[in-house]
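What follows is one structure encoded as structure tokens, with my remarks underneath.
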Amino acid sequence: MTIKKFYRWSLYRSLEGIFFLFLGLLRLLPVDFFRRLSTPTFKLLISILIPRRRIIKNLAAAFGETYSPATRKGLAKGVQEHFVKNLMDCFLQQVHPEHARAIVAIKGIENLEAALAKGKGIIALGAHIGNFVLVGARLGMDGYPFHTLFRIPSEQRIRSIIDRYLVPYFHQHIIPSLPRRTAVRQILNALKKNEIVFILGDNLKRGKVQTLLFGQQVPSPRGPVSLALRSGAAVVPMYLIRNYQGGLHLMIEPEIPMTRNGSLSEGITQNTQRIVDYLETLIRRYPDQWNWLTVRMRRYQANMGQQQLKDNGYRISDATEL
């Protein structure tokens, strides 16, 4: 076993142990006592998985001197605190089936209905912001057929845990992102049935379309746009954020129209940039609820513009890239 494989095996076994330990405690203890007991461990876990130092570095690269060092530290702390609360809600959902319905208010359901009325399915555009795990749970509770594209580890034990303990309690189907062609086929089949497929569009590390985020070039995935252009599905942004009073709101925004100009490559490039522009607006609105680790930000570049993107060119992969 290589060092990398041993590290991954050790990580999976640790997370597996933590999951079963706290799931067992939650089934035995009153909720308030469970919160007090588990919160310190959740904070430690999030501090490891979402390190504050990297968040601060990306905040500085995105906003420059707009935020003071003290503000950046405060925002980074807020990111971690929000994820602790979101993790707690995910545990509670497994023991109390109506938990998501009780804590999440839906706003913009008319936008969802308008998109479904077109009959070609919905690509629900999400991001690692707020409690993105409960988006499908809340809509699934109301009877909407919901699928989530999710990168599932190849290890069978982890897949078994997801199938047995997560899927039944979160009212949605999971579409593994690998292998890609199988994922594309499952997504297109769901869209043909006029169902909802939730795709996180902010994985901005390995995509093949060069776009601008906070004035910096980032490699963006072409998946959401490519699937929308192929299927005719509506691209509808959805995200679940926490307000200052602690309440959760599932925000469903109007459809993002896709430009269809006859050239597939140009259409993918233009529409992917449109999606990244939307994501940047969303992140600016809730900088303390995005995890800031799905992108590699460099240094602050206030004057970088669209022309530099054109000058440097771009590459687009085949149609199965997600």
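The values are calculated or read from the model by the stated rules, or taken from the named source; none is laboratory data. These numbers were taken from a predicted model, which means no experiment stands behind them. Methodologically, a virtual Cβ is constructed for each residue, glycine included, from the backbone with ideal geometry; neighbour enumeration extends over all protein chains shown.
Figure legend. Inter-residue proximity from the stretch 68-84: first residues over 12 Å from residue 56 (Cβ atoms) and at pLDDT below 95, second residues assigned to a helix (DSSP H, G or I) and of a type in the set (S, T, N, Q), beta-carbon distance below 6 Å, spacing 6+ or different chains. No pairs are indicated.
If you check 209, 225, 197, 236 for being within 30 Å of residue 299 (Cβ to Cβ) and touching a strand residue (DSSP E or B) at 6+ places or on another chain (Cβ under 7 Å), only one passes: 209.
Would you call residue 16 out of contact with any helix residue (DSSP H, G or I) (no Cβ under 6 Å at 6 or more places or on another chain), assigned to a helix (DSSP H, G or I), free of Cβ contacts under 8 Å to residues at least 12 places away in the same chain and acidic (Asp, Glu)?
Details: out of contact with any helix residue (DSSP H, G or I) (no Cβ under 6 Å at 6 or more places or on another chain): yes; assigned to a helix (DSSP H, G or I): yes; free of Cβ contacts under 8 Å to residues at least 12 places away in the same chain: no; acidic (Asp, Glu): yes.
Taking the combined requirement at face value, the residue does not satisfy it.
Residues of the stretch 1-53 that are surrounded by 12 or more Cβ atoms within 10 Å (Cβ to Cβ) and of a type in the set (Val, Ile, Thr): 18, 31, 39, 41, 46, 50. In the stretch 130-156, which residues are in a loop (DSSP other than H, G, I, E, B) and not aromatic (Phe, Trp, Tyr)? If the condition is that a residue be in a loop (DSSP other than H, G, I, E, B) and not aromatic (Phe, Trp, Tyr), then 131, 142, 143, 145, 151, 152, 153, 154, 155 are the ones that fit. Taking the listed residues 181, 159, the one that is of a type in the set (Lys, Arg), part of a helix (DSSP H, G or I) and exposed (fewer than 14 other Cβ atoms within 10 Å of the Cβ) is 181, with no other qualifying. Only a single item in (1) within 26 Å of residue 268 (Cα to Cα); (2) under 20 Å from the mean Cα position of the chain (by Cα); (3) modelled with pLDDT of 90 or more is not met by residue 115, and it is number (2).
Among what's in the stretch 129-165 and is under 24 Å from residue 18 (Cα atoms) and acidic (Asp, Glu), pick the residue that is modelled with the lowest pLDDT. Out of the qualifying residues, it is 155. Taking the criterion of being under 19 Å from residue 32 (Cα atoms) and polar (S, T, N, Q), the residues of the stretch 77-123 that qualify are 86, 93, 94.
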